[in-house]
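*Asks:* Following this message is one structure expressed as C-alpha coordinates.
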Amino acid sequence: MIVLTKRNNEKFLLNHNQIMTIERIPESKIVMMNRDFYIVKETPEDIIKKIWEYNAKVLDVRREVTVVDKS
(Lines give C-alpha, C1' and ligand atoms only; values in the text may rest on other atoms or scores of the structure.)
Protein backbone atom coordinates (compact mmCIF):
# COMPACT_ATOMS: atom_id res chain seq x y z
CA MET A 1 0.00 0.00 0.00
CA ILE A 2 1.16 3.53 -0.69
CA VAL A 3 0.56 6.78 1.21
CA LEU A 4 -1.14 9.56 -0.77
CA THR A 5 -2.51 13.02 0.04
CA LYS A 6 -6.08 14.18 -0.51
CA ARG A 7 -6.80 17.77 -1.52
CA ASN A 8 -7.53 18.64 2.14
CA ASN A 9 -3.98 17.44 3.05
CA GLU A 10 -5.31 14.29 4.71
CA LYS A 11 -2.98 11.32 4.23
CA PHE A 12 -4.39 7.89 3.42
CA LEU A 13 -3.24 4.44 2.34
CA LEU A 14 -4.17 3.11 -1.07
CA ASN A 15 -3.92 -0.45 -2.35
CA HIS A 16 -1.98 0.22 -5.54
CA ASN A 17 -2.84 -3.24 -6.89
CA GLN A 18 -6.43 -2.06 -7.40
CA ILE A 19 -5.59 1.02 -9.53
CA MET A 20 -7.12 0.92 -13.00
CA THR A 21 -6.09 4.35 -14.35
CA ILE A 22 -4.47 7.60 -13.25
CA GLU A 23 -5.57 10.85 -14.92
CA ARG A 24 -4.10 14.34 -14.60
CA ILE A 25 -6.93 16.91 -14.23
CA PRO A 26 -4.70 19.07 -13.01
CA GLU A 27 -4.55 17.04 -9.79
CA SER A 28 -4.34 13.30 -10.14
CA LYS A 29 -7.54 11.30 -10.37
CA ILE A 30 -7.00 7.65 -9.47
CA VAL A 31 -9.73 5.35 -10.74
CA MET A 32 -9.91 2.02 -8.97
CA MET A 33 -11.05 -1.29 -10.44
CA ASN A 34 -14.43 -0.95 -8.69
CA ARG A 35 -14.84 2.47 -10.42
CA ASP A 36 -14.40 4.45 -7.18
CA PHE A 37 -11.94 7.29 -7.55
CA TYR A 38 -9.66 9.49 -5.48
CA ILE A 39 -8.37 12.99 -6.21
CA VAL A 40 -4.86 13.38 -4.84
CA LYS A 41 -2.14 16.03 -4.80
CA GLU A 42 0.66 13.77 -6.04
CA THR A 43 1.44 13.75 -9.75
CA PRO A 44 1.04 10.55 -11.77
CA GLU A 45 4.84 10.35 -11.91
CA ASP A 46 5.04 10.61 -8.09
CA ILE A 47 2.42 7.89 -7.71
CA ILE A 48 4.27 5.58 -10.09
CA LYS A 49 7.50 6.24 -8.18
CA LYS A 50 5.80 5.39 -4.86
CA ILE A 51 4.48 2.13 -6.36
CA TRP A 52 7.92 1.28 -7.73
CA GLU A 53 9.59 2.01 -4.36
CA TYR A 54 7.02 -0.07 -2.47
CA ASN A 55 7.43 -3.03 -4.82
CA ALA A 56 11.22 -2.75 -4.57
CA LYS A 57 10.99 -2.92 -0.76
CA VAL A 58 8.78 -5.99 -0.93
CA LEU A 59 11.21 -7.74 -3.28
CA ASP A 60 14.18 -6.79 -1.07
CA VAL A 61 12.49 -8.33 1.97
CA ARG A 62 11.95 -11.54 0.05
CA ARG A 63 15.61 -11.63 -0.99
CA GLU A 64 16.80 -11.27 2.61
CA VAL A 65 14.82 -14.27 3.81
CA THR A 66 16.73 -17.50 3.30
CA VAL A 67 15.80 -21.01 4.27
CA VAL A 68 18.63 -23.19 5.49
CA ASP A 69 18.10 -26.91 5.67
CA LYS A 70 20.17 -28.24 8.56
CA SER A 71 19.24 -31.89 8.15
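*Asks:* What number, in nm² with one decimal, is the all-direction average of the projected area of the convex hull of the alpha-carbon atoms of the chain?
*Replies:* 6.3 nm²
*Asks:* So which trypsin sites (Lys or Arg not before Pro) in region 1-33 end up in coil per DSSP with only 13 or fewer other C-beta atoms within 10 Å? Can you show the working numbers first?
*Replies:* Working: sites: Lys6, Arg7, Lys11, Arg24, Lys29; in loops: Arg7.
Of the trypsin sites (Lys or Arg not before Pro), the ones in loops of region 1-33 whose Cβ has at most 13 other Cβ atoms within 10 Å are Arg7.
*Asks:* Okay, next question. Keeping every protein chain present and rolling a 1.4 Å probe, give me the accessible area per residue for the chain in Å².
*Replies:* Details: 5600 Å² over 71 residues.
Normalised by residue count, the accessible surface of the chain is 79 Å².
*Asks:* Give me the distance in nm between label points sitting 7 Å out from Cα along the Cα-to-Cβ direction at Leu13 and Thr43, one decimal.
*Replies:* About 2.8 nm, to one decimal.
*Asks:* Here's a follow-up. If the cut-off is 20 Å between C-alpha atoms, which lysines fall inside it for Lys11, apart from same-chain ones fewer than 8 positions away?
*Replies:* Of all the lysines, those that pass the test against Lys11 - Cα under 20 Å, at least 8 places apart if same chain - are Lys29, Lys41, Lys49, Lys50.
*Asks:* Please compute the length gained on full extension between Trp52 and Asn34, using 0.36 nm multiplied by the number of residues separating them and subtracting their Cα-Cα distance. Walk me through the numbers on the way to the answer.
*Replies:* Numbers: separation 18, 0.36 × 18 = 6.48 nm, distance 2.25 nm.
Full extension from Trp52 to Asn34 adds 4.2 nm.
The values are calculated or read from the model by the stated rules, or taken from the named source; none is laboratory data. Bear in mind that the values here come from a model prediction, so they are computed numbers and not experimental data. No Cβ is skipped: glycine too gets one built from the backbone with ideal geometry, and neighbour counts run over all protein chains shown. For the accessible areas, the whole protein counts, side chains as well, though only heavy atoms, and no ligand, DNA or RNA atoms are used. Shrake-Rupley method; radii C 1.70, N 1.55, O 1.52, S 1.80 Å.
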